[in-house]
Amino acid sequence: MISGQQISSAMRAIFSGSSAWATCARLLIIALLSIVMVVRLDSSLTMALQPGLVWRNALPIALFILLIYGLCGRLLLSLGLGSGITWLVFNVNAVKELNMNAPLLPGDLVLVHQVLHNMGFFAHYTGYRLVLLSLAALLFAMLMGTIWWAEKRWQRPRATSRAVWILLSSAALFTMYQGDGFWPKVYGDEALAGFQQWDPILSVQQTGFMAGMVRTSQESRISIPQADKQLVAHFAQSHAGDLDMRRMRKLPLELPDIVVVQSEAFFDPGPLKNIDYGQYVPNFERLAATGISGSLTTPTYGGGTIRTEFETLTGYPMQAFPSIQYPYYGLASGWMPTVPRRLEAFGYSTTLFHPFRAGFWNRAEVMPELGFQRTYYEKNFSGAAHAGEFVSDHALFDFVLAHFDEGNSGAQYAMVITMENHGPWDYDAGSLTEVLNGHPLPSGLSAAGTKEMTYYLSHLVNGDAALGDFAQRLLARPRWTILLFYGDHLPALDAAFKDLGFDDGRSEGEEHTRYMLLSNRPLDPQNPRQLDLSSYQLPELLFDTVGLPEDGYLALASTIRQDWERDHFQHTEQYRQLQFNAALLEVSCGHKLSATGKCKRQVFSSVTAAGK
């Protein structure tokens, strides 16, 4: 029999020996632990064990543990630290997937300071797990301290050996995530057949989280894809008449006040089974019938509000820039021909209303760059009434109306970003559930689904009542006024959506929110009243409705949409690619794309001149 002393000697030889076989044993242990970790933590690999995917997912973890080993020279400590950090990353990814229907991505690194400075806000999304994570972190730290104390008596590898491990592992990790050398082939299309850059959540389900992270990181090096200049220029040449008409429009004699409301997580639950359209949003349904409305495709789910927000402010489709997850940290920089910038050139005052922290999503820095002259954030709403965790829509709309009643004589543009129905949606709605007295919950809900729907629908019904009152008072003003209202994304009602399902059989990530455009002056009878759009097309709809002059990218985008309508909404993919290439060219031109489809200096000044 093998004695305990022999086992102890063998273990000591493996963990502190300097022989070649001991080194190979240590590397084998690191590799085996990495494989076990990804198989146990990654459900996509558990369901379909494919050796090629398993080792591609395990390799980044193994290299990371090897790097720690080179730095500290203690194998047990390296295995423990590497496993703990890997477990934490997988759990953070699970929280993000649950609430935003998207995995962790390299672009999330820009949000580290956001999380650290807003721990209380993000803690809502972890629920009881935050307490468990805190306890686990304390126990983990104690365990690692014990291992360090026990292992410090063992012989550590020589400095030269540790330097080799550090150099090899760090070089391999760096080149792997950068996509240098042979790594693009290792994680290329042939190896990761299910990877789709434009659909990260599906890619992770097909290829595994760690392999998907490597591939996404490699792809993110290309910040702005190359645009097809000839495609854009040919379209501009063949539609020169339409583009000239848009450029030469005269400003209306009376400029309307424009109010854009981005409603947090607004979505008519009508597509869900056992729910009718308008059942919980009767005011929206009634108002939408008097204006222009339709479904709205947005570039995010459950969160990531700024993606939709950026599209409606610029007209740039986020899908054209797949490597940029958060535009306020990537695309938004310096002067840009945004909606508020263009309106400012026509004499508008521009104001932003958002009853939350100015620094959240980097808005304090970005919004002035996007053209907002005045901004009102959380500190300006210190005495406002709350509905649950956040300022109520009623209080926010009252604040906005008070601003419009201050006697401003010129044309005003206001963007209103609500907060009342912000997630997470598994909280107790409290007394607000009284608003559901006339709106019973649908049948077929589990306990978790009932909790989610009770919270969400209570705020939805309350917000719909606030919308009805706001629209009535805003549009009753004698001045010409336009109200554009839309939802930024669907709520992440994971349990409720699974319980009910959608009538059309699609997943929650494929469903759409809605929008409506209202005016207290007659709308052009030639314009369609029912129009399904993407959020990046809302600026075009707004300028067309008012009759404002357009130039550059906006004129091209509007003409593309108009041509698509003339084509009876056929060949959608061709028009979408044309739109994407125009946006790519616009950004690569420094936001100075001319209506001829070519880069040009001082484009924006021609818009102002045409309007005057």
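The values are calculated or read from the model by the stated rules, or taken from the named source; none is laboratory data. Remember, predicted model here, so these are calculated numbers, not experimental data. So basically every Cβ, Gly included, is an ideal-geometry build from the backbone, and we count neighbours across all protein chains shown.
When Thr450 is tested against (1) assigned by TED's automatic domain parsing to the domain that holds Gln319; (2) touching a residue at least 60 places away in the same chain (Cβ under 8 Å); (3) hydroxyl-bearing (Ser, Thr, Tyr), exactly one condition is not met: (2).
Can you confirm whether region 530-552 contains a residue that is aromatic (Phe, Trp, Tyr), modelled with pLDDT under 95 and in a helix (DSSP H, G or I)? Within region 530-552, none of the residues are aromatic (Phe, Trp, Tyr), modelled with pLDDT under 95 and in a helix (DSSP H, G or I). Cβ separations smaller than 6 Å between residues 6+ apart or across chains give the following pairs from region 352-380 residues that are more than 15 Å from Phe390 (Cβ to Cβ) to residues that are part of a helix (DSSP H, G or I) and among the basic types (Lys, Arg): Gly371/Arg341.
Considering every residue within region 68-80, establish whether at least one is under 27 Å from Thr216 (Cβ atoms), modelled with pLDDT under 75 and surrounded by 19 or more Cβ atoms within 10 Å (Cβ to Cβ). No; the residues of region 68-80 include none that is under 27 Å from Thr216 (Cβ atoms), modelled with pLDDT under 75 and surrounded by 19 or more Cβ atoms within 10 Å (Cβ to Cβ). Restricting Pro539, Pro491 to those that are within 29 Å of Pro442 (Cα to Cα), under 21 Å from the mean Cα position of the chain (by Cα) and surrounded by 22 or more Cβ atoms within 10 Å (Cβ to Cβ) reduces the list to Pro491. Remark: pairs (first residue in region 82-100, under 18 Å from Leu139 (Cβ atoms); second residue among the β-branched types (Val, Ile, Thr); Cβ separation under 7 Å; 6+ apart in sequence or on different chains) = Gly82/Ile61; Gly82/Ile65; Gly82/Ile68; Thr86/Ile61.
For region 571-589, check the following and say yes or no: at least one residue is farther than 20 Å from Gln226 by Cα and not in a strand (DSSP E or B).
First, the residues of region 571-589 that are farther than 20 Å from Gln226 by Cα: 571-572.
When the remaining residues are screened for being not in a strand (DSSP E or B), the result is 571-572.
Within region 571-589, one or more residues are farther than 20 Å from Gln226 by Cα and not in a strand (DSSP E or B).
Yes or no, residue by residue, for (1) within 28 Å of Phe399 (Cα to Cα); (2) among the hydrophobic types (A, V, I, L, M, F, W, C); (3) not assigned by TED's automatic domain parsing to the domain that holds Asp405:
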{"site": "Pro491", "(1), (2), (3)": "yes, no, no"}
{"site": "Phe502", "(1), (2), (3)": "no, yes, no"}
{"site": "Glu508", "(1), (2), (3)": "no, no, no"}
{"site": "Met516", "(1), (2), (3)": "yes, yes, no"}
{"site": "Pro522", "(1), (2), (3)": "yes, no, no"}
{"site": "Leu538", "(1), (2), (3)": "yes, yes, no"}
{"site": "Leu542", "(1), (2), (3)": "yes, yes, no"}
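If you filter region 491-506 down to residues that are not charged (D, E, K, R) and not in a helix (DSSP H, G or I), you find that the one that is nearest to Glu254 (Cα to Cα) is Pro491. Number of residues in region 243-278 that are of a type outside the set (Lys, Arg) and surrounded by fewer than 18 Cβ atoms within 10 Å (Cβ to Cβ): the value is 12. Answer yes or no: is there a residue in region 507-524 that is surrounded by 22 or more Cβ atoms within 10 Å (Cβ to Cβ), part of a helix (DSSP H, G or I) and not aromatic (Phe, Trp, Tyr). No: region 507-524 contains no residue that is surrounded by 22 or more Cβ atoms within 10 Å (Cβ to Cβ), part of a helix (DSSP H, G or I) and not aromatic (Phe, Trp, Tyr). Scanning region 14-62 for residues that are modelled with pLDDT under 85, crowded, with 17+ Cβ neighbours inside 10 Å and outside any helix (DSSP H, G or I) turns up just one, Gly17. Please indicate, with yes or no, whether at least one residue in region 288-297 is under 14 Å from the mean Cα position of the chain (by Cα) and either surrounded by 19 or more Cβ atoms within 10 Å (Cβ to Cβ) or of a type outside the set (Phe, Trp, Tyr) (or both). Looking through region 288-297, at least one residue is under 14 Å from the mean Cα position of the chain (by Cα) and either surrounded by 19 or more Cβ atoms within 10 Å (Cβ to Cβ) or of a type outside the set (Phe, Trp, Tyr) (or both).
Just a yes or no: is a residue in region 291-299 of a type in the set (S, T, N, Q), at pLDDT 95 or above and out of contact with any Ser or Thr (no Cβ under 9 Å at 6 or more places or on another chain)? There is at least one residue in region 291-299 that is of a type in the set (S, T, N, Q), at pLDDT 95 or above and out of contact with any Ser or Thr (no Cβ under 9 Å at 6 or more places or on another chain).
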